[in-house]
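All remarks here apply to the structure that follows.
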Amino acid sequence: MVFDNSSYRLRADVGEANPQQYRLTQQGPIFDYYFWIGPPEKALQSYTALTGRPILPPKWAFGEWMGRGGEAWRSGPLHNAVAQEESVARRFAGMDIPQSAIYAEGRSAFSPALNGFMAARDIKVLGYFMPAVHTGRQESLMPDVEPDQLPVLHCGTEKETRKLGYIDFTDPKAVELCRRWWKRGLDLGMAGSMVDYGDLVPEDAVFHNGRHGDEMHNFYYHDYQRAISEVFQEKRGSDFILFARGAAPGTQKWVGQFAGDHPSNFDGVKAVLTGGLNLCACGFSNWGSDLGGYFGAPEPAVYIRWMQMGLFSPLMRWHGKAPREPWHYGKKAVEIYKFCAWVRENLLNYIYNSAIAAHETGIPIIRSMPIAFPDERSLAAIRDQYMFGEDLLVAPVINEHNVRTISFPSGMWTSLWNGKTISGPATVKVQVRSDTIPVYLRPGSAMPVELNQDLQFGKSMRNSRTHALVITPPNRNEKMAHRNVTVEPTAHGLRCTLENLPETTYLLVYGTIRASAVRVDGNILPKQSESQLDLTLPGWRSDQTGRRLIIRLPPIRKQVEVDTIV
């Protein structure tokens, strides 16, 4: 792993001109490189210790976001952005589809009516910002500052300076300018924003600190995103999310990312996946894409596959120049969207725990195959599947075919959807229905989830929620340590040790349906028949359909042992 610590332009040729040669062409007088030669996860920990750990957004930020481009909101059938946004939120609620935030690009984000409407429904409002705050606007925001003292980026000529209109974030007055720009929205309760652009700095620009545009090419984002983050922190503490198109080393500690503007086709899906895996390999954890693509209207198949990949992305945001609500893409899209939205709710605790781990260690939520399995060289070239957190292997379908090849690392991998197992290492071609995405639990998983009373993924939890822990048998002689949970093999099955998890009611053991005994802290739990569908008292039963054991835990418990029958 190599980190080029320079703010000048860089061109990288990674084996393109010559497969045996990696060439980095550095502009400017700075030559400052860091090299790591250890395992990828250790390198990421060291790199983010140097530049900054990824932010830890609030838990709601990992839920589902509504979104469109500003013009798409305004040009809806109601011809009023606020009315359109409120109408969409009502329709989602009427269809029992959860939403945690709305990306309201444009003036509507600053509407008292919209903010009040969404706050009453516990939906956060997110807006839009770009650093082009032109001189006239700066003068109106800062009448106490002389015009020639405003934090305007000087770009060679007065004409070019006014044309670009960028804020000079090296000027100490820039934060105060942003503070005044955002005051109205923050007072209304806005909980975040896209912080867009920042990539148009001319090379001959002169900054307040004396640097020129060529030197600040890769560093404008650093000051820009830090300033906006400071303004939000002053008002909301840590209860906000910012997400940006561009980045610089270290900006992961202030903002998340979005993948940029992509076409609404399978080429867009593939580009997002490639970009996301590369971004996460650079220590950035919190990112998402414009689900459905930014330009044009996707075909239903593209929309559905993008939606499914978005379900297993750190941030899940719908956005585009055309409407992105599922009812615009057919009845089937609505059904799959609703399933995905509730699965996202099922996994919210797991995703948030993964975000905490990324914030503490620098290891991102999404890990490419060579990062997650550096000892299995055959996986190094796999570029269309990834680990989502430490327990889930995700293999999205990124073309029009309902079939794909999946490469499984060593060990027994268990389908999240039906409990079927595949023994790795193996490369398997699987048929994939349009309403599903291949997702597998790794050996020794311990994944916290919330489910409905029937303990089913993708079902509404509007009227009931229960905490469960999904576990899978570990590899032989391998002890898996998780946050608050340890899973290890025994002579007859497996042992799960829980530390400080009083809210967990059920243990769901995937990958096995037969057990001879289940003991909690040495006490044998009673077995129930499969016809007893509601475990209201401590006990256990087999779930043939889901290929799992369902264990209802007693109120006081620490160690659970399951003797399986092979």
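Mind listing just one residue for me: the one in the range 500-537 that is out of contact with any Ser or Thr (no Cβ under 6 Å at 6 or more places or on another chain), within 15 Å of HIS467 (Cβ to Cβ) and open to solvent by 20 Å² or more (accessible area, probe 1.4 Å) and, of those, modelled with the highest pLDDT? The selected residue is GLU503. For the range 361-377, taking the residues that are open to solvent by 10 Å² or more (accessible area, probe 1.4 Å) and touching a Pro at 6+ places or on another chain (Cβ under 7 Å), the one that is farthest from ALA43 (Cα to Cα) is identified as GLU376. Of the residues that make up the range 472-483, is at least one over 17 Å from LEU553 (Cα atoms), part of a strand (DSSP E or B), of a type outside the set (Gly, Ala, Ser) and touching a residue at least 60 places away in the same chain (Cβ under 8 Å)? Looking for residues that are over 17 Å from LEU553 (Cα atoms), part of a strand (DSSP E or B), of a type outside the set (Gly, Ala, Ser) and touching a residue at least 60 places away in the same chain (Cβ under 8 Å), one finds at least one in the range 472-483, hence yes. How about the range 238-275: which of its residues are of a type in the set (Phe, Trp, Tyr) and touching a helix residue (DSSP H, G or I) at 6+ places or on another chain (Cβ under 7 Å)? PHE240, TRP254, PHE266 - these are the residues of the range 238-275 that are of a type in the set (Phe, Trp, Tyr) and touching a helix residue (DSSP H, G or I) at 6+ places or on another chain (Cβ under 7 Å).
Selection of helices (runs of 4 or more DSSP H) fully inside the range 1-94 by the criterion of at least 1 residues being of a type in the set (Ser, Thr, Tyr) and open to solvent by less than 50 Å² (accessible area, probe 1.4 Å) returns 40-51, 81-94. No other residue among ASP196, ASP204 is closer than 29 Å to PHE62 by Cβ, among the acidic types (Asp, Glu) and surrounded by fewer than 23 Cβ atoms within 10 Å (Cβ to Cβ) apart from ASP196. Counting only helices (runs of 4 or more DSSP H) that fall entirely inside the range 294-369 and contain at least 3 residues that are touching a residue at least 60 places away in the same chain (Cβ under 8 Å) and farther than 23 Å from SER434 by Cα, the qualifying elements are 348-361.
Note on the range 207-216: among residues that are open to solvent by less than 80 Å² (accessible area, probe 1.4 Å) and in contact with a Leu (Cβ under 9 Å, 6 or more places away or on another chain), the one that is nearest to ALA174 (Cα to Cα) is PHE207.
If you go through the range 378-387 and pick out every residue that is part of a loop (DSSP other than H, G, I, E, B) and open to solvent by less than 30 Å² (accessible area, probe 1.4 Å), you end up with 1.
For the range 290-322, how many residues meet the condition of being closer than 20 Å to MET95 by Cα and open to solvent by 40 Å² or more (accessible area, probe 1.4 Å)? The total comes to 1.
Restricting to the range 232-246, count the residues that are more than 16 Å from the chain's Cα centre (by Cα) and buried (at least 22 other Cβ atoms within 10 Å of the Cβ). Matching residues across the range 232-246 total 1. Based on what the data block shows, is ASN346 at pLDDT 95 or above and surrounded by fewer than 20 Cβ atoms within 10 Å (Cβ to Cβ)? The answer is no for ASN346.
Being surrounded by fewer than 19 Cβ atoms within 10 Å (Cβ to Cβ), among the acidic types (Asp, Glu) and free of Cβ contacts under 8 Å to residues at least 60 places away in the same chain is true for just one of ASP168, ASP148. Which residue is that? Break it down stepwise before answering.
Working: ASP168 fails: surrounded by fewer than 19 Cβ atoms within 10 Å (Cβ to Cβ).
Of ASP168, ASP148, the one residue that is surrounded by fewer than 19 Cβ atoms within 10 Å (Cβ to Cβ), among the acidic types (Asp, Glu) and free of Cβ contacts under 8 Å to residues at least 60 places away in the same chain is ASP148.
The values are calculated or read from the model by the stated rules, or taken from the named source; none is laboratory data. Every value quoted in this text rests on a predicted model; they were computed, and no experiment measured them. Cβ: placed from backbone, ideal geometry, glycine included. Neighbour counts: every protein chain shown. With ligands, DNA and RNA removed, areas are computed over all heavy atoms of the protein, side chains included. Shrake-Rupley method; radii C 1.70, N 1.55, O 1.52, S 1.80 Å.
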